[in-house]
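Take a look at the structure set out below.
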């Protein structure tokens with residue numbers, strides 16, 4: 001029986017989404033992209049989930065499109081290629097629409113669409129020996145949908161360099177330029193990732209959800225419009241059960257200490 005391309009499991013408040021094609025370096029194809037979307041929707045629908053961790057089975061995170069997918073692209077019509085490209089764009093959009101943080105835990109290589117997949121996540125944690133890159137230009141391809149996300153993560157100069165030279169960078173360089181949030185030693189990587197995401201169990205789920213929505217809503221807004229969005233979200237937050245309970249606890253503690 002063929003292995004599932006994506007494994008979905010929930011441990012406590014964390015949804016674990018694992019790319020499960022280690023023999024193909026977790027390369028993306030139609031079935032994998034569809035399964036990723038299903039897993040993300042399942043996590044989003046689970047009110048007990050506080051965080052999603054996306055990782056890859058085996059040595060690598062994801063090497064991008066598999067050979068069969070590239071062959072399919074070369075023989076496809078304009079409409080077929082348009083539909084295929086839009087499917088990947090929809091995956092990136094879905095990651096931002098999942099209410100809780102989506103964290104990429106990257107071991108090994110994250111290349112091409114795989115690097116895009118990691119970059120699309122809200123947080124990127126990397127093992128020290130991890131590698132990142134957009135080699136698409138080497139075969140006449142363009143890291144197109146990824147560019148919209150890459151340009152929001154690093155400076156214009158860095159984005160241009162990464163997208164047009166086709167090279168790879170290490171985890172520490174990726175952290176330095178803003179592509180990665182944290183780098184952990186390989187032998188402690190799993191423990192460090194668990195410790196990092198555990199923080200989301202100690203904060204308000206509704207507050208994190210509203211914060212994620214607000215941060216991405218601000219893309220492209222003027223300063224005044226961004227402030228007004230902040231006013232609206234602030235007002236919504238005040239009415240949530242988490243906020244009202246939190247304020248009550250704070251006031252009670254302050255009263256006892258005074």
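Test of understanding: among 175, 161, 168, which residue is over 19 Å from the mean Cα position of the chain (by Cα), surrounded by 16 or more Cβ atoms within 10 Å (Cβ to Cβ) and over 30 Å from residue 243 (Cα atoms)? Explain how you work it out, then say what you get.
On the way: 175 fails: over 19 Å from the mean Cα position of the chain (by Cα); 161 fails: surrounded by 16 or more Cβ atoms within 10 Å (Cβ to Cβ).
Among 175, 161, 168, only 168 is over 19 Å from the mean Cα position of the chain (by Cα), surrounded by 16 or more Cβ atoms within 10 Å (Cβ to Cβ) and over 30 Å from residue 243 (Cα atoms).
Restricting to the stretch 53-94, what's the tally of residues that are closer than 30 Å to residue 202 by Cα, in contact with a helix residue (DSSP H, G or I) (Cβ under 6 Å, 6 or more places away or on another chain) and surrounded by fewer than 20 Cβ atoms within 10 Å (Cβ to Cβ)?
Of the residues in the stretch 53-94, 3 are closer than 30 Å to residue 202 by Cα, in contact with a helix residue (DSSP H, G or I) (Cβ under 6 Å, 6 or more places away or on another chain) and surrounded by fewer than 20 Cβ atoms within 10 Å (Cβ to Cβ).
Could you tell me how many of the residues in the stretch 122-135 are surrounded by fewer than 24 Cβ atoms within 10 Å (Cβ to Cβ) and either at pLDDT 95 or above or touching a helix residue (DSSP H, G or I) at 6+ places or on another chain (Cβ under 8 Å) (or both)?
The initial filter retains those residues of the stretch 122-135 that are surrounded by fewer than 24 Cβ atoms within 10 Å (Cβ to Cβ), namely 122-123, 127-129, 131, 133, 135.
Filter again for either at pLDDT 95 or above or touching a helix residue (DSSP H, G or I) at 6+ places or on another chain (Cβ under 8 Å) (or both), leaving 122-123, 127-129, 131, 133.
Final tally of qualifying residues: 7.
Using beta carbons and a limit of 6 Å, which pairs, at least six apart or on different chains, have the first residue in the stretch 179-200 and at pLDDT below 95 and the second one in a loop (DSSP other than H, G, I, E, B) and surrounded by 14 or more Cβ atoms within 10 Å (Cβ to Cβ)?
The qualifying pairs do not exist here.
Could you please give the count of residues in the stretch 155-178 that are in contact with a helix residue (DSSP H, G or I) (Cβ under 6 Å, 6 or more places away or on another chain) and more than 17 Å from residue 144 (Cα to Cα)?
Looking only at that region, the number is 2.
Kindly indicate whether residue 66 is in contact with a strand residue (DSSP E or B) (Cβ under 7 Å, 6 or more places away or on another chain) and closer than 16 Å to residue 113 by Cβ.
yes
Considering the stretch 71-109 alone, what residues qualify as being modelled with pLDDT of 95 or more and over 16 Å from the mean Cα position of the chain (by Cα)?
108
Look through 221, 214, 227, 210 and report the one residue that is part of a helix (DSSP H, G or I) and free of Cβ contacts under 8 Å to residues at least 12 places away in the same chain.
Going through 221, 214, 227, 210 in turn, the sole match is 227.
The values are calculated or read from the model by the stated rules, or taken from the named source; none is laboratory data. Just so we're clear, the structure is a prediction, and the values are computed from it rather than from any experiment. Because the Cβ atoms are built from the backbone with ideal geometry, glycine has one as well, and the counts that use them run over all protein chains shown.
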